[in-house]
Amino acid sequence: MGKPAKPRALDETEAMASVKMIRTSPRKLNLVAGLIRGKPVMTAVAELTFCKRRVARDVLKVLQAAIANAENNHQLDVDQLVVARATVGRALVMKRFRARARGRVGRIEKPFSNLVVVVRERAVAFDADAA
């Protein structure tokens, strides 16, 4: 006898993918995540493919994982998907030091970030003229 099943946190029309410990600051990651929020997934994929920022490759991988989850696990239509949320969180910060003049020390912080991407299936508007 195990624990009861945990209820699903997302709607039936949503799918999620996340990654932890991306080696970049949350501030830089949020700039790239802001590029895709609210956009259709095909537009978001194109936007990230040609983005010059290094972290855009990691965001693209997570977005593609969310699309695959929607298609394979939840049977959602890929052509109707929109990026509902792209949430950036703060993970740990590695602290290092660099020797400076006169025996002093310069503190170097190497931050890590978490990213959660949620895609949602758009409701298809029923067109009475087409029927």
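Each reported figure results from applying straightforward, stated rules to the coordinates on display, with no laboratory input. Since we're looking at a predicted model, the values are computed, not measured. As a convention, Cβ positions derive from the backbone with ideal geometry for all residues, glycine included, and neighbour counts pool all protein chains shown.
Reported count of residues in the stretch 63-91, each being surrounded by fewer than 20 Cβ atoms within 10 Å (Cβ to Cβ) and not in a strand (DSSP E or B), is 13. Among the residues making up the stretch 1-42, those that are without any contact (Cβ under 8 Å) to a residue 40 or more places away in the chain and closer than 25 Å to Glu121 by Cα are Ala5, Lys6, Pro7, Arg8, Ala9, Leu31, Val32, Leu35, Met42. If the condition is being within 19 Å of Ala91 (Cα to Cα) and surrounded by 17 or more Cβ atoms within 10 Å (Cβ to Cβ), then the stretch 31-62 contributes Val32, Ala33, Val55, Ala56, Asp58, Val59, Val62.
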